[in-house]
Amino acid sequence: DTEVTQTPKHLVMGMTNKKSLKCEQHMGHRAMYWYKQKAKKPPELMFVYSYEKLSINESVPSRFSPECPNSSLLNLHLHALQPEDSALYLCASSQGLKNYGYTFGSGTRLTVV
Amino acid sequence: EDKVVQSPLSLVVHEGDTVTLNCSYEVTNFRSLLWYKQEKKAPTFLFMLTSSGIEKKSGRLSSILDKKELFSILNITATQTGDSAIYLCAAANQAGTALIFGKGTTLSVSS
């Protein structure tokens with residue numbers, strides 16, 4: 001298995017909803033990442049997990065809450081989002097922080113209404 | 001502040017043309033430069049360049065890194081409509097904590 005799987009592929013949520021994005025990989029990668037990508041912009045780093053511990057939080061608002069329950073799984077919990085949070089949320093993984101063979105998931109297209 | 005600059009931002013060519021995409025970088029403790037192709041969803045990996053002057057090739061695509069001049073180019077020969085995409089360049093530093101992406105070059109290949 002050489003893929004990063006993200007679910008759901010599309011999500012529409014209201015500003016008062018609570019939802020979660022899920023990312024899974026079975027390549028034995030120990031670093032996992034959340035990126036946010038707005039239309040026609042490059043991906044922007046949100047969070048980095050290394051060996052299931054949060055390594056980097058790029059000053060992301062607390063309405064985004066990451067969780068890494070085990071080495072294969074990375075979640076992003078969403079609560080009280082704003083319409084401007086609508087974007088493509090990409091998960092990526094790599095063997096370790098210093099290995100740049102990033103594999104990206106196909107993303108979750110999030111729309112906040 | 002670390003930055004990656006790509007040019008041109010957009011490019012329109014005809015099938016069969018050869019294109020060159022540019023990427024310059026200013027990254028503290030630079031380690032590697034990566035190229036990705038992004039169509040509708042996730043970026044797909046093309047090349048990782050760590051050493052200067054060594055060309056990497058994959059079919060009609062090739063790329064090279066110049067660590068002295070701090071830039072890389074991505075060449076696509078005999079372009080096809082399927083090459084239409086956004087091409088992202090990203091730099092990684094020694095700490096390896098994240099990739100610094102350029103804004104991308106949008107390539108449109110018309111038949």
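The values are calculated or read from the model by the stated rules, or taken from the named source; none is laboratory data. Computed from a predicted structure; not experimentally measured. Using ideal geometry, Cβ is built from the backbone for each residue, glycine included, and neighbour counts are taken over all protein chains shown.
Quick check on the range B:91-111: of everything there that is assigned to a strand (DSSP E or B), more than 8 Å from chain A (Cβ to nearest Cβ) and among the small types (Gly, Ala, Ser), which residue is nearest to A:Ala39 (Cα to Cα)?
B:Ser108
Please verify whether A:Val60 is touching a strand residue (DSSP E or B) at 6+ places or on another chain (Cβ under 8 Å), aliphatic (A, V, I, L, M) and within 14 Å of chain B (Cβ to nearest Cβ), treating the condition exactly as stated.
The answer is yes for A:Val60.
Pull up the range A:63-85, narrow it to residues that are of a type in the set (Asp, Glu) and either surrounded by fewer than 16 Cβ atoms within 10 Å (Cβ to Cβ) or within 14 Å of chain B (Cβ to nearest Cβ) (or both), then point me to the one that is nearest to B:Phe30 (Cα to Cα).
A:Glu67
Can you name the residue in the range A:86-113 that is in contact with a Phe, Trp or Tyr (Cβ under 8 Å, 6 or more places away or on another chain) and not in a strand (DSSP E or B) and, of all such residues, is nearest to the other protein chains (Cβ to nearest Cβ)?
Across the range A:86-113, the extreme among qualifying residues is A:Gly107.
So which residues in the range A:28-45 are in contact (Cβ under 8 Å) with a residue 24 or more places away in the chain and surrounded by 15 or more Cβ atoms within 10 Å (Cβ to Cβ), if there are any at all?
A:His29, A:Arg30, A:Ala31, A:Met32, A:Tyr33, A:Trp34, A:Tyr35, A:Lys36, A:Gln37, A:Pro43
Report, ordered by the first and then the second residue, all pairs with beta carbons closer than 6 Å, sequence separation of six or more or different chains, a first member in the range A:54-70 that is assigned to a loop (DSSP other than H, G, I, E, B), and a second member that is surrounded by 15 or more Cβ atoms within 10 Å (Cβ to Cβ) and not small (Gly, Ala, Ser).
Hits for this filter: A:Glu58/A:Leu45; A:Glu58/A:Met46; A:Val60/A:Met46; A:Arg63/A:His79; A:Arg63/A:Leu81.
What's the total number of residues in the range B:73-88 that are more than 9 Å from chain A (Cβ to nearest Cβ) and within 29 Å of A:Ser50 (Cα to Cα)?
Qualifying residue count, the range B:73-88: 1.
In the range A:22-39, is there at least one residue being modelled with pLDDT under 95, of a type in the set (S, T, N, Q) and within 19 Å of A:Leu88 (Cα to Cα)?
yes
Within the range B:66-90, can you find the residues that are closer than 18 Å to B:Lys37 by Cβ and in a loop (DSSP other than H, G, I, E, B)?
B:Thr77, B:Ala78, B:Thr79, B:Gln80, B:Ser84
In this structure, is B:Val109 more than 21 Å from B:Val5 (Cβ to Cβ), among the hydrophobic types (A, V, I, L, M, F, W, C) and either touching a strand residue (DSSP E or B) at 6+ places or on another chain (Cβ under 9 Å) or touching a residue at least 24 places away in the same chain (Cβ under 8 Å) (or both)?
Yes: the conditions hold for B:Val109.
Residue check: is A:Tyr89 of a type in the set (Phe, Trp, Tyr) and buried (at least 20 other Cβ atoms within 10 Å of the Cβ)?
So A:Tyr89 fits the description; yes.
Of A:Gly96, A:Gly107, which residue is touching a residue at least 24 places away in the same chain (Cβ under 8 Å) and either over 19 Å from A:His10 (Cβ atoms) or in contact with a Pro (Cβ under 6 Å, 6 or more places away or on another chain) (or both)?
None of the other options fit; the residue is A:Gly96.
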